[in-house]
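Written out below as structure tokens is the structure these notes cover.
Just so you know, all these numbers are worked out from the coordinates, no wet-lab data involved. Treat the numbers as computed from the prediction; the structure is a model and nothing was measured. Note that each Cβ is placed from the backbone with ideal geometry, even for glycine, and that neighbours are counted across all protein chains shown.
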Amino acid sequence: MPDPNIAHWPERIDMAAAFRWTARLNLHEAVANHFSLAVNDDGTQFLMNPNQMHFARIKASDLILLDVNDPAALDGPDAPDPTAWGLHGSLHRECPHIRCAMHVHSIFATVLASLADSTLPPIDQNTATFFNRVAVDDQFGGLAFEDEGTRCAALLTDPKKKTLILGNHGVMVTGATVAETFNRLYYFERAAETYIRALQTGQNLRFLSDEIAEKTAHEIETYPEQDIRHLNELKAILDEEGSNYAS
């Protein structure tokens, strides 16, 4: 049941469901990855997973509330992972248009991030979804403490670029809501898998034209409520299973 003493309860439930399903799909990296969601108008306050807690155990009430302007954010028992603070704190500080951000080291996205050319060409509907909508970072500078986080955030200032391939690292996916962002994370990993497996055949690839790729991307962006219904179905499955994610 909702806890009236905890702010942003519906948002917390959506976040907890996204954590649980990310773990179920094996898109997470042990206890090292992190999601965030801005909860005030200017994006300076945001919810985030606790320091090194496994996604499969996160509940709505576990999420911590942080403020990018709080110099003591890394002090005390509820401090976030310092790399999570560096990456997500910088993102919410520098890119107020980004409301939700999900960072993972999922297998196929990370394989893509490890290629000399980490661009994702449009070879099917899923890959076309990301046509001209992805930024690529090829200047990996080590763990994402605050300086590295600020550098990465600068690559997402264009509102059209909602996905950042972190070269030699992983992926950061962003959006306006938890549902939109998780849906994008899911489909980016599927798209990366399709491309990597296509490369593994050693055969020539059939590329979509720029015109058709852009048309497809626009049609998917404007397709009504797919992201909302996707997350609602995942929450329904968790509810039917008796999960405690919404507690």
Span-like helix ranges in the chain, DSSP H, alpha carbon extent 24 angstrom or more, Kyte mean at least -1.0: 178-200
Most mobile listed residue (65, 164, 199) in the chain, GNM with C-alpha springs under 10 Å: 199
Total formal charge among the other residues, if their Cβ is under 11 angstrom from that of residue 58, Lys/Arg +1 and Asp/Glu -1: +3
Likely footprinting exposure, 143, 25, fewest C-beta neighbours within 10 Å first: 143, 25
Sites excluded, GluC sites (Glu not before Pro) in DSSP loops with at most 12 other C-beta within 10 Å, longest stretch of the chain: 1-224
Ascending count of other beta-carbon atoms within 10 Å, so fewest first, for 95, 100: 95, 100
Three-way shape label, the chain, alpha-carbon gyration tensor, a/c 1.5: prolate
Nearest-20 debye value, the chain charge dipole, Cβ charges on Lys, Arg, Asp, Glu: 540 debye
Within the range 52-77: backbone nitrogen closer than 19 Å to the residue 9 label point (7 Å, Cα to C-beta): 59-65
Filtered trypsin sites (Lys or Arg not before Pro), the range 174-207: DSSP coil and at most 12 other beta carbons within 10 Å: 206
Segment residue 229-residue 65, length gained on full extension (0.36 nm per residue, minus Cα span): 56.4 nm
Residues residue 200 and residue 239, FRET efficiency given R0 of 51 Å [Cβ-Cβ distance, rounded to 0.05]: 0.85
Net charge of neighbours whose Cβ lies under 10 Å from the Cβ of residue 149, counting Lys and Arg as +1 and Asp and Glu as -1: -2
Local electrostatic count at residue 216 - Lys and Arg +1, Asp and Glu -1, tallied over other residues with Cβ under 12 Å: -4
For 97, 34, order by how many other beta-carbon atoms lie within 10 Å, fewest first: 97, 34
Centre separation in Å (Cα based) which lies between the range 125-140 and the range 170-229: 9 Å
